[in-house]
Amino acid sequence: MTEETVASETAASPVVLWELNTLRSLRDELGDSRPVARFLSTYLSMLPGRVLRISKGLCQHDTNATLDAVLSLKISSAMVGAMEAESQCRAMESMIRNHCLASAAEVLPALRSAAERCLAAAPQVLGNAAAGAPHHLRSS
């Protein structure tokens, strides 16, 4: 585990929760940390609703709505460096595209857990986004 990640410790191995280089690159490109912090705050405030949209789509067996919600969360997660959430969404996307909605539903608890860990790490991530500290964050 390096000081450049926020990761989630799993039984198998640590998983990168946040890739702060993503936020650092955005901050460097914009030349200001304030818009990055606002963007990250918006992502975090919308995260529970995005997970709920995925859950509703799965419960309603609505492939299109579920895929739309998964893609929305996957892309926004990638934009802020929320690697674990993005990874769970990539897995779900693949399952949905292969017409395995039931398999995608089995990933939902892991996605919910990843979202909870993202929210729990929010103060640290927001602080690092503003200050430009470590590149990756890992959480326990």
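The values are calculated or read from the model by the stated rules, or taken from the named source; none is laboratory data. Quick caveat: nothing in here was measured; it's all calculated off a predicted structure. Here the Cβ is made from the backbone with ideal geometry for all residues, glycine too, and neighbour counts use every protein chain on show. Protein only, heavy atoms only, side chains kept; ligands, DNA and RNA dropped before computing areas. Shrake-Rupley method; radii C 1.70, N 1.55, O 1.52, S 1.80 Å.
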Exercise for the section: Select, from V107, V70, V125, the only residue that is among the β-branched types (V, I, T) and in contact with an Asp or Glu (Cβ under 9 Å, 6 or more places away or on another chain). Expected result: V70
Problem - Only listed residue being among the aliphatic types (A, V, I, L, M), within 23 Å of A120 (Cβ to Cβ) and crowded, with 21+ Cβ neighbours inside 10 Å, chosen from L47, L52, L108 - result: L47
Exercise for the section: Determine, yes or no, whether S76 is without any contact (Cβ under 8 Å) to a residue 24 or more places away in the chain, under 30 Å from S33 (Cα atoms) and among the hydroxyl-bearing types (S, T, Y). Expected result: no
Exercise for the section: Could you tell me which numbered condition A102 fails, if it satisfies all but one of (1) among the small types (G, A, S); (2) at positive phi; (3) open to solvent by 40 Å² or more (accessible area, probe 1.4 Å)? Expected result: (2)
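Please work out if S77 is out of contact with any Ser or Thr (no Cβ under 9 Å at 6 or more places or on another chain) and hydroxyl-bearing (S, T, Y). So that I can check it myself, show each step before the final result.
Numbers: out of contact with any Ser or Thr (no Cβ under 9 Å at 6 or more places or on another chain): no; hydroxyl-bearing (S, T, Y): yes.
Judged against the criteria, S77 is not a match.
Just need a number here: residues in the stretch 51-69 that are free of Cβ contacts under 8 Å to residues at least 60 places away in the same chain and under 11 Å from the mean Cα position of the chain (by Cα).
Total meeting the criteria: 0.
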Handout entry: Enumeration of residues in the stretch 59-87 that are under 13 Å from L47 (Cα atoms) and assigned to a loop (DSSP other than H, G, I, E, B)
Key = A82
Exercise for the section: Report the residue count in the stretch 72-82 for those that are among the aliphatic types (A, V, I, L, M) and surrounded by fewer than 24 Cβ atoms within 10 Å (Cβ to Cβ). Expected result: 3
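So, in the stretch 1-38, exactly how many residues are outside any strand (DSSP E or B) and either modelled with pLDDT of 50 or more or open to solvent by less than 30 Å² (accessible area, probe 1.4 Å) (or both)? Lay out the reasoning, then the answer.
Kept after step one, since they are outside any strand (DSSP E or B), are these residues of the stretch 1-38: 1-4, 10-13, 20-38.
Keeping just the survivors that are either modelled with pLDDT of 50 or more or open to solvent by less than 30 Å² (accessible area, probe 1.4 Å) (or both) gives 20-38.
Residues in the stretch 1-38 being outside any strand (DSSP E or B) and either modelled with pLDDT of 50 or more or open to solvent by less than 30 Å² (accessible area, probe 1.4 Å) (or both): 19 in total.
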